[in-house]
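Computed from the coordinates by the stated procedures, all read-outs in this text should not be read as laboratory data. From a predicted model like this one, the values you see are computed outputs, not experimental measurements. Note that each Cβ is placed from the backbone with ideal geometry, even for glycine, and that neighbours are counted across all protein chains shown.
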Amino acid sequence: MRIRVGVEYKNPPNLVKDALYRATSTAKNVLAQPKTKVFLVDFADHAVIYEIKFYMGNHARINETNDAVRTNVWYELKRQGISHFPSRSGIARGRKAAPPVRTISRGIVDSCVANHSSSVFPTNNSIIWSSSARLNIFGAANR
């Protein structure tokens, strides 16, 4: 059986795949072997699309099994703070645009903090920079 799930682009693929695997492999009537597999299958306009492939024990219970998987997926994504099935959002007129976000590696941040680098952390901007910073999580092989 295959089920597709869309999640927001901000969610790291490894985190999403782990959550979808956990949710599916613990659902009622999903077989332990062959193991559940999760694939990133598309970068759609407003979501990253994943496909969950699993095997069920009793095909007469297809509706109950799909319901169990989808219910587990919903709860697991909520527990992990992963936004799924994103809705389209329009641009609000008259609002000031958010400042651009710079992405730098953790090693650079640690090095700059340790050395108090004024080129990255100028004294007049350090509070603004730190309040607008965000952490991006990547897989071990991703940079």
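Computed values, structure above
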| item | result |
| --- | --- |
| Order of Ile49, Ile82 under a 10 Å beta carbon neighbour criterion, fewest first | Ile49, Ile82 |
| Ranked Met1, Met56, criterion: other C-beta atoms within 10 Å, fewest first | Met1, Met56 |
| Within-14-Å neighbourhood charge of Arg4 [Cβ basis; K, R +1; D, E -1] | +3 |
